[in-house]
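Peer 1: The structure under discussion is supplied below as structure tokens; questions concerning it will follow.
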Amino acid sequence: MITVEKELFEIDTKLDELVRQIELLDYVNPINIAEEKKRFFDSKYTIEPNFKYPKFQFNAFELHRSFFDQKVEQIQDKKIQSLYTDIVYTYLSLISCIDNIGNGKKFYYNSLRAFGTPTEIDVENAKFILHFEDEDLTSDMLPTYSALDAENYFRTFAQQYNFDFKIEHSEKLSAIAMVLNNIKTLVINKNHTFSKNELQVLANHEIGVHMVTTFNGAKQQLKIFSHGFPNNVETQEGLAVYSEFMSNNLTLKRLKELAYRVIAVDSLAKGYTFTKTFSLLTNTYHLNKNDAFNITLRVHRGGGFTKDYLYLTGLKKIFEYHKKGNDLSPLLTGKVSLEYVDTINYLKDKSLAVAITHQNIAFAENKNTNKLVAFILNNLK
């Protein structure tokens, strides 16, 4: 007779094999950003960009079937069975997203199912942040450092952590840096010139959280900790921005960036095109055109990618969770979610999960000195 544990590990291993094929961020970033940005700016912001995307290497229908073939109902422990059922449905949504990249509303509706969309309260929180006058620019905020400088900074910063990862440079990022979890790689936008503050923010965000949870997840028996719990994006991005706050690198400018993303994602629900979202950010909110393009790109890529509003909602949830005295360590065990803290602890009690190997250094002490940022976080609805 097959034991419950054996059945669980067989399903977990098979799901891991399937999930490795569907890293959404590998496919949703356009491959012709520079060309389309130039065309858009040359048109005086009137022509809709025509983004092209990498080809994906799987059959979506067959992959759906493979997920449904997993006999999750044979996991006798109901709490664990429920978790794995949620996981299957979560990844089916992501497959549908990838299968419809570039297909307009089809992609957008699948993005809604996978990531949701801002509530009225989320939009009100964004507008609350945006009503504050911009802080004066300091020397730390000025673009000074090349991508190679950034790589050197990140390698030095990472010496505090006992793990090794690759660093690559790319011209095809909609972000200025990002972690690819499946290959333990930090990718840097080679065309970006970084400020000192951006380097500090990215180090605490990408290495302090995303790399930490990548390597902690790899230490777990169950591969679900590496490929991700349902709704892990909101928790992981919330932790990452909270790491910026705790290390005294979260600025009003950065908070406004997250708020603009909420406004931009909300525009999708209102049916805005790329040009209309860009116009909203530049004309109504007076955002500079380069930043407005980047935020509009992040949100409209694929056909309407709603993920970006989760940075601000995740930050709010993590801030409130830690403020109540809760330990953040369970949330660093891998790509996990705040909603599943009880399940994580349950898996530990069952000897199916272990305590974290790598801690986030910034979480040891609150070093924030920015009173305005603290005031804002304490007053979000």
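The values are calculated or read from the model by the stated rules, or taken from the named source; none is laboratory data. In this text the structure is predicted, and so the values were computed from the model without any measurement. Cβ atoms come from the backbone with ideal geometry, glycine included; neighbour counts cover every protein chain shown. Protein only, heavy atoms only, side chains kept; ligands, DNA and RNA dropped before computing areas. Shrake-Rupley method; radii C 1.70, N 1.55, O 1.52, S 1.80 Å.
Peer 1: State, as an integer percentage, the relative contact order of region 270-381 based on alpha-carbon contacts under 8 Å between residues 6 or more apart.
Peer 2: Rounded, it is 16 percent for region 270-381.
Peer 1: Considering only protein heavy atoms, with the full assembly of protein chains and a 1.4 angstrom probe, order Thr185, Thr369, Thr13 by accessible area, largest first.
Peer 2: Listed by decreasing accessible area, they come as Thr369, Thr13, Thr185.
Peer 1: Rounded to the nearest angstrom and ordered from largest down, what semi-axes does the equivalent ellipsoid of region 218-300 get from its C-alpha gyration tensor (root of 5λ)?
Peer 2: 30, 18, 9
Peer 1: To make sure I understand the rule: partners must be lysines, Cα under 21 Å from the Cα of Lys78, and not fewer than 8 residues away in the same chain. Which ones qualify?
Peer 2: Correct list for Lys78: Lys6, Lys14, Lys223, Lys348, Lys350.
Peer 1: Report the net charge of residues surrounding Phe194, where surrounding means a beta-carbon distance below 13 angstrom and charges are Lys +1, Arg +1, Asp -1, Glu -1.
Peer 2: Within the 13 Å Cβ shell, the charges total -3.
Peer 1: Counting each pair of different Cα atoms once, what's the Kirkwood radius of region 7-155 in Å, rounded to one decimal?
Peer 2: This gives a value of 19.7 Å.
Peer 1: So what is the relative contact order for the chain, in percent, with contacts set as C-alpha pairs under 8 Å and at least six apart?
Peer 2: Across the chain, relative contact order equals 22 percent.
Peer 1: Under 21 Å Cα to Cα from Lys196, which lysines show up? Leave out anything in the same chain fewer than 8 places away.
Peer 2: Lys253, Lys256, Lys367, Lys371
Peer 1: Follow-up question, since we're still on this one. Whole number please: convex hull volume per residue, Cα atoms of region 185-255, in Å³.
Peer 2: 99
Peer 1: Let me ask something else. Normalise the Debye intensity by I(0) for region 207-366, one equal point scatterer per Cα, no solvent, then take log10 at q = 0.15 Å⁻¹ and round to two decimals.
Peer 2: -0.83
Peer 1: Ok, one more. When the accessible area of the chain is computed with all protein chains present and a 1.4 Å probe, what percentage of it is carbon and sulfur?
Peer 2: Answer for the chain is 49 percent, counting heavy atoms of protein chains only.
Peer 1: Another question, then. Okay, helix-only estimate at 222 nm for the chain: each DSSP H run of n ≥ 4 adds -39500 (n - 2.57), divide by all residues, round to 500 deg cm²/dmol; what do you get?
Peer 2: Helix-only estimate at 222 nm: -15500 deg cm²/dmol.
Peer 1: Please list 188-199, 152-163 highest first by mean number of surrounding beta-carbon atoms within 10 Å per residue.
Peer 2: 188-199, 152-163
Peer 1: Here's a follow-up. Hey, which of these cross-link pairs are over 20 Å Cα-Cα: Lys172/Lys276; Lys106/Lys270; Lys335/Lys381?
Peer 2: Check vs 20 Å cut-off fails for Lys172/Lys276; Lys335/Lys381.
Peer 1: Using Cα positions and a limit of under 17 Å, work out the aspartates and glutamates in reach of Lys37, with same-chain residues fewer than 8 apart set aside.
Peer 2: Glu48, Glu171, Asp291
Peer 1: On to the next question. Which residue, Leu63, Leu310, Leu202, has the most motion in a Gaussian network model of the chain that connects Cα atoms within less than 10 Å?
Peer 2: Comparing Leu63, Leu310, Leu202 in the GNM, the peak value goes to Leu63.
Peer 1: With no solvent and one equal point scatterer per Cα, compute the Debye intensity ratio I(q)/I(0) for the chain at 0.11, 0.13, 0.14, 0.15 Å⁻¹ and report its log10, rounded to two decimals.
Peer 2: These q points yield log10 I(q)/I(0) values of -0.79, -1.13, -1.32, -1.52.
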